[in-house]
Amino acid sequence: MAIRVIRKDGDEILRKKSRKVEVIDDRILTLLDDMKDTMKKAEGVGLAAPQVGVLRRVVVIDIGEGLIELINPVIVFESGEQMEEEGCLSIPGIRGKVKRPEKVIVRAMNRKGETFEMTGIGLLAIAFCHEIDHLNGILFTDKAIITEKDD
Ligand code: ZN
């Protein structure tokens, strides 16, 4: 168990594309555990590996319905539209509305290397999209209408 440092906007690692996980070894399992702890401590609902400085396609999400771990996640279906306010642990003090699909289906691997699919509607759909964007070097502020900014 360890808390990792969350990289902030301006750190160029947040703009890089993460690599696929080929082998789920102890380093990846430790990364998942540390990301969970780091997300909880920061009171976030999601965290992607590049946010802790690791360019691997690994995401953790907890919107209050239990921990979701995603390795190599891809969106295989999306429908509808929603426009809700988002924030990001890497961009403190800024919130903005982003257009996202209302429903998505994500395909990913779990920590045992098993492939699964999961449907996200509403907030969970937003979390899937937001975190997968991080794996591609995209931040929500690239897409958002900024609604709140602390100085
Ligand atoms: Zn984020």
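Listed values, structure above:
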item	result
Hydrodynamic radius (Kirkwood) for segment 12-149, which is based on Cα pairs only, to one decimal in Å	14.9
Estimated FRET transfer efficiency (LYS112, GLN82; beta-carbon r; R0 41 Å; 0.05)	0.80
For peptides 10-22, 35-47, 81-93, sequence by mean Cβ density within 10 Å, most packed first	35-47, 81-93, 10-22
Apportionment of accessible area to carbon and sulfur, segment 12-149, percent (1.4 Å)	48
Over 19 Å between alpha carbons, listed pairs LYS8/LYS149; LYS16/LYS97; LYS97/LYS143	LYS16/LYS97
Residues of segment 12-149: accessible area per residue with a 1.4 Å probe, Å²	49
Cα gyration tensor shape of segment 1-90, rounded if a/c is under 1.5, else prolate or oblate by comparing a/b with b/c	rounded
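The values are calculated or read from the model by the stated rules, or taken from the named source; none is laboratory data. The model shown is predicted, which means the values in this text are computed figures rather than measured ones. Ideal geometry is used to build each Cβ from the backbone, glycine not excepted, and the neighbour counts take in all protein chains shown. Remember, those area values only see protein heavy atoms, side chains included, never the ligands or the DNA or RNA. Shrake-Rupley method; radii C 1.70, N 1.55, O 1.52, S 1.80 Å.
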